[in-house]
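Asker: Mind looking over this structure? Questions follow.
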Amino acid sequence: MKLTTKLTAICAALVLTVAASLSGLMLWQVREQSYNSLEEHTQEKLNDLVNDFLDLLTFDYSTIESPYSQKVYLQYHFQNFDVEGSVLGMNGELITSPTQIDPRHYMELTLQNRSQTVRCSDAGKHYLILGRALEYKETVFHVYLIADATYIHQDLYSLLGRFVIIAVFVCVLGLLCVLWLIRKTMAPLAQLQKTADRIASGKYGERVDIHSKDEVGMLAENFNRMAVAVEDHVQSLTEQNERQQLFIGSVTHEFKTPLTSLLLNVDTLRNVYLPEEMQQELLESMDGQLQWLKQMVHKLLKLISLHRSAQIKQASVPELLEQVREITQGAMQKHGTVLEVYCKTETLPMDKDLLCSALVNLIENSAKASSPGQVIHLRAKGNVLEVSDSGRGIPQKDLERVTEPFYMCDPSRSKTNGGFGLGLALVKEIAAVHRAALDIQSTPGVGTTVRITFPANGNETVISQ
């Protein structure tokens, strides 16, 4: 069952209940007011009747000695009062015939200064009985006044029919208003459902229009935020999948050339007679290619296992930079460059080995891009690790792609220097493991600056070479 149908049914039941309750309450109020009005009017008549009866007792009744004569006397004069519905009782016996019902069946009077009242029904008719007990010379008299209340119930039945008509009209009108309000209120939810269906079908750019600031509007706003997160996640997965495909293609391409060369060399050694010197040269070439493949596999395995092997903890930055300086001494001497190290940070949360590998990669790249005699700077200040050089720089068109695996700005020069195009890809992944930002700024002919930025504080320490 749809939510709109459920809400409509609930509201219909609520409206019917309220209408029935109000109608019943109004009918009960009308009945009580009618009975109260009848009781007041009957009470006045009873008071007058009691006063007349007391005057009768004090006038001639005391002079009559015979009980029978007293009874006849009272009966005669009481009937002459000509009060409709009046009944007189003497010592528990009625001395005048009840005109409608016997009041003794519904009321037991006791001597007191006030009247007693009871409502009753008999033979389909309704009555209001008022009675009062009097004592005169050890004789107890009961004076009753019976009022016909059937008209009250007839009026109630007539009002009930009118109330039913009014209640039905109010219910129909109320339900129409409720249905309109429900549909208006549920319209944003229906739009939300349609948008969710479109997003589920692959249209991740769909959003819900927000027209209110109530709970439904807040729900739509949260839904839009969720849709943005889903779209970003899907886009990220798509880009990741594309990168994986490119990565697999690049790995295949990089392995294809040396493997093909190795197969040709092996075939040559098997099927062609070569002098010993040429065989030695061919074997050395094959050994170089195998070493190259070994290094590539090592870097690929490291790139893949970074996130699983990382162990982040507080470590000494001066010790890290000193270790990087020692490891890169060979590269500095090979390319004739100088490394200057400056540290103003004591500790950082890091995996020391991974971060050392990243800095070594950056410094070796700077050494390859620099001319002999140029200075490479390694700095640690606050939350930033920085490597800068004054080398040939990176063209702007290549700057955004240098962190892609196997991407090389100058493939021929990189091959000559023994590069694979994986160094900056490793640096990028190591920075991501540390939740740090990698920023590369470069100008051709001016130099390159690479910064790894993450939160840290430290004290000044200077290491120089």
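Rule-based calculations on the coordinates, nothing more; no lab input. Remember, predicted model here, so these are calculated numbers, not experimental data. Note that each Cβ is placed from the backbone with ideal geometry, even for glycine, and that neighbours are counted across all protein chains shown.
Asker: Can you spot the lysines whose alpha carbon is less than 30 Å from K6's alpha carbon? Ignore those fewer than 8 places along the same chain.
Answerer: K6 reaches K184, K194, K213.
Asker: For Y157, Y144, what's the fewest-to-most ordering of other Cβ within 10 Å of each Cβ?
Answerer: Lowest count first: Y157, Y144.
Asker: Equivalent-ellipsoid semi-axes (√(5λ), Cα gyration tensor) for the chain, whole Å, largest first?
Answerer: 117, 27, 19
Asker: Relative to the present Cα-Cα distance, how much length would full extension add between L54 and S97 at 0.36 nm per residue of separation?
Answerer: Additional length available on full extension: 13.5 nm.
Asker: Still on this structure: Measure out, as a whole number of angstrom, how far apart the alpha-carbon centroids of the range 167-207 and the range 7-22 sit.
Answerer: Using only Cα atoms, the two centres lie 21 Å from each other.
Asker: Now, a different point. Let's see if you can work this out: charge +1 on each Lys and Arg Cβ, -1 on each Asp and Glu Cβ, no other charges. What is the dipole magnitude of the chain about its Cα centre, in debye to the nearest 20?
Answerer: The dipole magnitude comes to about 2140 debye.
Asker: Restricting to DSSP H runs of at least four residues, report the calculated mean residue ellipticity at 222 nm for the chain, -39500 (n - 2.57) per run over all residues, nearest 500 deg cm²/dmol.
Answerer: Computed ellipticity for the chain at 222 nm equals -20500 deg cm²/dmol.
Asker: So for the pair V140, V228, with labels modelled 7 Å out along Cα→Cβ, what separation do we get in nm?
Answerer: It is 9.1 nm.
Asker: Simple spin-label model, 7 Å along Cα-to-Cβ: L3 to L283 in nm?
Answerer: Reported label-point gap for L3 and L283 is 7.9 nm.
Asker: Figure the gain on full extension for K294 and Q240 (residue separation times 0.36 nm, minus the Cα-Cα span) and round it to one decimal in nm.
Answerer: Result for the pair: 16.8 nm of gain on full extension.
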